[in-house]
Structure formats: C-alpha cells, structure tokens
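The values are calculated or read from the model by the stated rules, or taken from the named source; none is laboratory data. Keep in mind that this is a model prediction, so the values were computed, not measured. Note that we place each Cβ from the backbone using ideal geometry, even for glycine, and neighbour counts take in every protein chain shown.
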Amino acid sequence: MTTLTFSNKTTAKKFGKIPVVVLPLEDYERMKENLEMMASKKLPRIITKARSDKKTYSAAQVKEILDLR
C-alpha cells in the first residue's frame, strides 16, 4: 500500500482523469458527521425539544448521563 503525505491544506488534484480533493482525514470525518446530522429527520426535533426544556447540566452530570467516566 502506498502512503501519501500532504500538508494540512485542502488541495485539488487529478487521479488519472478524475479530479479529486485531498484533505486531512479529521476534516473529512467532521464533514461526514455534519452531513449525517443535517440529513437526520429526528435531530431538529430533538434540538427544538432540548431548547424548550431549558435544562442545564454541569460537565460532571453530562459525563454521568453519557457514562463517560
């Protein structure tokens, strides 16, 4: 397997005759996650409900709720 190393800048390249964009994996994963969230039909309702509940949680409570300890 060939490993290519690029700078952290997004660049346009050609792979054969196909134009491609090269970007850091972290940026790609963030973009993919954002697209998945935007495509969700349920997420806007969850956000609206959470905003109307007006509950606040401390960082410790969030960690406990999400079982991140």
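Going through the range 14-28 one residue at a time, which ones are part of a helix (DSSP H, G or I) and among the aliphatic types (A, V, I, L, M)?
Residue satisfying the conditions is Leu25 alone.
Out of all the residues in the range 48-68, is one or more at pLDDT below 85, within 18 Å of the chain's Cα centre (by Cα), surrounded by 10 or more Cβ atoms within 10 Å (Cβ to Cβ) and not in a helix (DSSP H, G or I)?
no
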